[in-house]
Structures are given as structure tokens and as C-alpha cells.
Amino acid sequence: MIVDIDRLPEEGLKISKDFEIQDGDLVEENAVFLSPLHAELSVKKEGGEVCIKGKIRAFLSCVCSRCLTPFEFPVDSSFDLVCLPGEWAEAKEQKAKEQLENEDMNSLFYYSRNIDLKEIVLEQLNLTLPMKPLCSEDCQGICPICGRVIKDGECSCMTNDSDPRLKKLKIFMKDKI
């Protein structure tokens, strides 16, 4: 959805919409949409700046990085961005070389008189996805010998808990105690 900055009403624009985003556009390659991405956006022009406030909701299926089982991942996130004209980018670029400030982290630049809200919503969705999705914080993964998911029950594999590289250290510590 493209918004023409010059045609924004003075009171701003309120948008409540489901966005059609392909699974392949997500940074998490194993994520799949279970429900459409819904966004509620407020777009308002203040001088040369365009302020975009929004809330996104989606329901995804991800694959756990430890046990490789699919799990449901709900997304409910809010964001607050400021889009600045491209001319201001040069001044900010010089400042960025010196040091970034917290306020700069929520700034974007537009170089035409249009802003693509779908790209902004997709970026915000991708920022909510974890780098390594986990089905639960205490997921123990899979058995390195038989490949069985540990949370489904103990396997009968014999595992040697000690790392052979630490054998000399254990001998050393026994002598000290």
C-alpha cells in the first residue's frame, strides 16, 4: 500500500488492513503464516516529517531451532517511526559517522513523495521474529545419538556426559581437593 505524502489529510490517515505477505519475505525461512498479517496504522505529516504509529498482529508457525518441531508463534507488536525527507539523510549521514543516538534508530528516509506501508509493516514483522526460534525456553533439543526429541521422553542411549578435552582438568582438580 503506497501513501502519497502530498495527499495526506491534515488530520492524518488511519488504516486497518490485512496485508498479503508471502512466507518467503520473512527473515525466518521456516516461518509460515497461519493467519494474515493485520496492521492498524496511523500516518500523519508534521512539517517535513511523516510519523507512522502502528500495531501489527499475526499468527505464524515456526520450527524450533533445538528440537526441530513446529510450534505456533503469535506476533503482537507496536512501533513508532519517523520518516524524514531524503535531503535530511545527508545531514544525518554525517552525524551517523560521528555517533548514532537513540532517536535515530526509529528514523527512516523517503526519497520520493511516496511511502510503501507494506514494506514498513514487513520490516517491523521481521524485527519481531527471534534469531533462533524456540518452542519453549527450556527446550532440550534432540538426542545427539538417536535423534529423538528429548521433551517427548527419555531415550535409552548411553551418553558420556564428560568432554574428553576436560579429562586432564578433572584429574588436576581431583589432586587439588
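The values are calculated or read from the model by the stated rules, or taken from the named source; none is laboratory data. The structure displayed is predicted, hence computed values, not measured ones. Reconstructed Cβ throughout: ideal geometry from the backbone, glycine too, with neighbour counts over all protein chains shown.
In the stretch 135-149, the residue that is modelled with the lowest pLDDT out of those that are touching a helix residue (DSSP H, G or I) at 6+ places or on another chain (Cβ under 9 Å) and in a loop (DSSP other than H, G, I, E, B) is C143. Among residues belonging to the stretch 14-24 that are of a type outside the set (K, R) and exposed (fewer than 13 other Cβ atoms within 10 Å of the Cβ), point out the one that is farthest from V121 (Cα to Cα). The selected residue is G24. Taking the stretch 67-80 as the range and being over 14 Å from L125 (Cβ atoms) and crowded, with 19+ Cβ neighbours inside 10 Å as the test, only C67 passes.
Scan the stretch 1-33 for residues that are without any contact (Cβ under 8 Å) to a residue 60 or more places away in the chain and in contact with a helix residue (DSSP H, G or I) (Cβ under 7 Å, 6 or more places away or on another chain) and the total you get is 2.
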